[in-house]
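Structure first, then comments.
The values are calculated or read from the model by the stated rules, or taken from the named source; none is laboratory data. On a predicted model such as this, the values are computed, not experimentally measured, just so you know. We place every Cβ from the backbone using ideal geometry, glycine too, and count neighbours over all the protein chains shown. These accessible areas exclude ligands, DNA and RNA; they are computed on the full protein's heavy atoms, side chains included. Shrake-Rupley method; radii C 1.70, N 1.55, O 1.52, S 1.80 Å.
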Amino acid sequence: MALETACHPSGKRPCKMQAFRIWDVNQKTFYMRNNQLVAGYLQESNTKLQEKIDVVPIEPDALFLGLHGRKLCLACVKSGDEIRFQLEAVNITDLSKNKEENKRFTFIRSNSGPTTSFESAACPGWFLCTAPEADRPVSLTNKPKESFMVTKFYLQEDQ
Amino acid sequence: MQSYRLQGAGPEISTFCILQKLSRTMPILYMLILGVPAFTIQPEERTVTAGNCQFLGKHFKTDLMVEGEPVVLRCPQAWYRWLDSASSHVNVTWRKNDSTRMVPEEEETRMWVQDNALWILPALQGDSGTYICTVRNASYCYEMSTELRVFEKTEAALTYISYPQILTLSTSGLLVCPELSEFTRNKTDVEVQWYKDSVLLDQDNEKFLSVAGPPRLLVQNVSMEDAGYYSCVMTLTHNGTRVNITRNIELRVQKRREETVPVIVSPRQTILASLGSRLIIPCKVFLGAGTQWTTDLWWMANNTNIDIAYRGGRVTEGQRQEYSENNENYIEVPLIFDPVIREDLNTDFKCVTYNTRSFQTLHTTVKEAATFPWGTVLAPLLLVFLVLGGIWMRNRCKHRSGKAYGLTALKIERQVFQSYPSKIKEIK
């Protein structure tokens, strides 16, 4: 499960990639629908559809996030005034923290009780979120406190 | 982007092609037998397939329900288009895979199409199967299949139909009554009853608090005993009859692996080493029950990373090790000198550990160990040797002086003896 990869602080430090189960505080899990990452409710018989995320810590509070077994990484991309969440076809273990172009894959985690929020390093103030309704795409919000979007997630190490 | 493949699209298509051909020919055969022109008895919307409809495959989710309750099947692709706000006016029709007839059939009162979704109330086990929806508008036509399984309402069915939800031990969290949107649309206040192991949870219960809005149950200070099956029941009035909609949830309680403050337990502040020799200084960090995963541990020399300070590789960091002793977690990274040189004696080596809870450092210096203390070890030995040697010499000298005395004495005695006759002679 654990893979060695290059990371903090000198670029030579070996550290581990760890797979996690992820779900939001409204108990929605992640799954793929038509190339899109969505959050919703899965019955036990459908839980094989659940997407786990691979996490590579590049500093204790900065991480790369990818979809486990898919070679897709979560990214925040700016184009003009628009901020966009996207999945990019990159192998998480190929990412190096020292490259500026990899900043879009970096998320800063912050814990609040048992939950974790992920702020994009490339898009400061924008947090990974799910919609309050089921089956809607995972996206980013810049109003984590005011909006009804869900930005708090539970993580569980996948054994 | 990774291309998306609809699961089971291949076999479904081939099965469907046969069905499609059959469905095209069946009404014709049927009409030929009856001798009635097809177009007079088959209304447009009742045609099973018309024109070229693209089959998009089987929906990835299977709907698992219990009999006696309402089931609402959404045509997946049309539903998601609507969700993604790319919806246009479409006409959705339904049929079951094992039948060429449309659902609902004319006499069927248990099934009807409402807002393009297929409603079944009450669902029966016999309703299980694959349903195919056809979505058509002026410019396109496509089809998709979705699977429904209706179970008898038993304990065993819970394993398949329940929604796993996870809360963290010793915290408070929410269980959510899922997938009620078909029944709660345009309703501001939805009330549900919550049960744990079929026992109604009292509203006065301080442990469990039913939260309105999207129906949720707040579980306070989650304990391992809270794990198990919960159900939320919403009541709907249909044609004057009250029907229940039940959702089952399996609460799993996870123990949280928290980050703890890392504590550097070794090395000592001074390490003795001999110049020219190989030296390994392990930096050992204690984390208790905390996770090792996000705790960094590294060495520095005069505030510079080791690989930069020693580009030649004379001093390196060894492999990071993560291990547990008596259920306590540790991390260790060794600093390896190959060999130690005089310059190291004036270098500040620092072990650094860092996670979101704390940043800790420990300084250590290498000191030259004194050369082997020959004088200290040999002086007593020399003394013993001298003493022993002295005794031996003394004994030897004593023995020698004893022999000389005898000879002298003999000589004297002889002299004495020899002198007597002369004396005798003189006496004579």
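Tabulated results
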{"read-out": "Rg/Rg_globular for segment B:174-256, with Rg_globular taken as 2.2 N^0.38 Å and Rg from C-alpha atoms", "value": "1.14"}
{"read-out": "Within segment B:349-368: backbone nitrogen closer than 20 Å to the B:Ala309 label point (7 Å, Cα to C-beta)", "value": "B:349-355, B:359-368"}
{"read-out": "Dimensions (Å) - segment B:233-330, Cα atoms, principal axes, largest first", "value": "94, 32, 18"}
{"read-out": "Over segment A:93-143 - Rg/Rh using Cα atoms and the Kirkwood inverse-distance radius", "value": "1.03"}
{"read-out": "Segment B:143-288: radius of gyration over Cα atoms, expressed as a fraction of 2.2 N^0.38 Å", "value": "1.76"}
{"read-out": "Stokes-Einstein D (µm²/s) once Rh is taken as the Kirkwood radius of chain A over alpha-carbon pairs, at 4 °C in 1.567 mPa s", "value": "82"}
{"read-out": "Interface A:B - total buried accessible surface [probe 1.4 Å, Å², rounded to 100]", "value": "4500"}
{"read-out": "Proximal charge balance of B:Tyr229 [Cβ under 9 Å; K/R count +1, D/E count -1]", "value": "-2"}
{"read-out": "Residue-count net charge about B:Tyr323 - beta-carbon cut-off 13 Å; Lys, Arg +1, Asp, Glu -1", "value": "-2"}
{"read-out": "Gained length - B:Arg257 relative to B:Phe359, 0.36 nm times residue gap less alpha-carbon distance", "value": "34.8 nm"}
{"read-out": "Mean separation of Cα contacts under 8 Å, 6 or more apart, over the residue count of chain A: relative contact order %", "value": "23"}
{"read-out": "Where segment B:198-316 is the region considered: accessible area per residue in Å², 1.4 Å probe", "value": "51"}
{"read-out": "15 Å beta-carbon shell around A:Leu87, net charge (K/R +1, D/E -1)", "value": "+3"}
{"read-out": "Amide H contacts under 5 Å for A:Asp158, placed H, 5+ residues apart", "value": "A:Ala19, A:Phe20, A:Arg21"}
{"read-out": "Amide proton proximity set for B:Phe151, modelled H, under 5 Å, gap of 5+", "value": "B:Met65, B:Val66, B:Glu67"}
{"read-out": "Förster-model FRET efficiency, 45 Å R0, B:Asn302 and A:Lys145, C-beta, rounded to 0.05", "value": "0.55"}
{"read-out": "Under-5 Å amide H pairs with A:Val90, H placed in peptide plane, nonlocal only", "value": "A:Leu72, A:Cys73"}
{"read-out": "Label-point separation, B:Val265 to B:Asn346 (7 Å along Cα→Cβ), nm", "value": "3.7"}
{"read-out": "Dipole magnitude of chain A about its Cα centre (Cβ charges: Lys, Arg +1; Asp, Glu -1), debye to nearest 20", "value": "140"}
